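Taking it in order: structure first as structure tokens, then the write-up.
The values are calculated or read from the model by the stated rules, or taken from the named source; none is laboratory data. Keep in mind it's a predicted model, so treat the numbers as computed, not measured. Note that each Cβ is placed from the backbone with ideal geometry, even for glycine, and that neighbours are counted across all protein chains shown.
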Amino acid sequence: MHLWYRERFGGDYPSLNSTRDGIDRYLISCTCVGIDVQGGDLYLPNGLADLASGELRINPLNPRPDLFQQKAESYRSRWPWLTIMN
């Protein structure tokens with residue numbers, strides 16, 4: 001991702017050393033969810049509370065308010081019950 005991020009979104013993106021590094025930096029914190037398809041293990045660095053309640057918050061590890069707002073609005077256009085938390 002760090003190889004093409006600047007061209008697509010502008011700004012730098014730190015190099016990723018693992019899949020978890022990438023998940024940790026998703027724009028919306030409740031979407032930081034990973035599943036190990038071989039072992040079935042879940043990776044939930046922010047837990048499930050916001051996901052269960054439909055609350056979209058900016059991820060402090062990737063503070064891009066402009067991109068967060070675009071993505072959150074895109075999610076809410078498909079799932080109107082979601083709440084964007086500012």
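Tell me, which helices (runs of 4 or more DSSP H) wholly within segment 6-86 include 2 or more residues that are of a type in the set (S, T, N, Q) and out of contact with any helix residue (DSSP H, G or I) (no Cβ under 9 Å at 6 or more places or on another chain)?
Result: 65-78.
If you take the residues of segment 11-31 that are at pLDDT 70 or above and small (Gly, Ala, Ser), which of them is farthest from ASP41 (Cα to Cα)?
SER15
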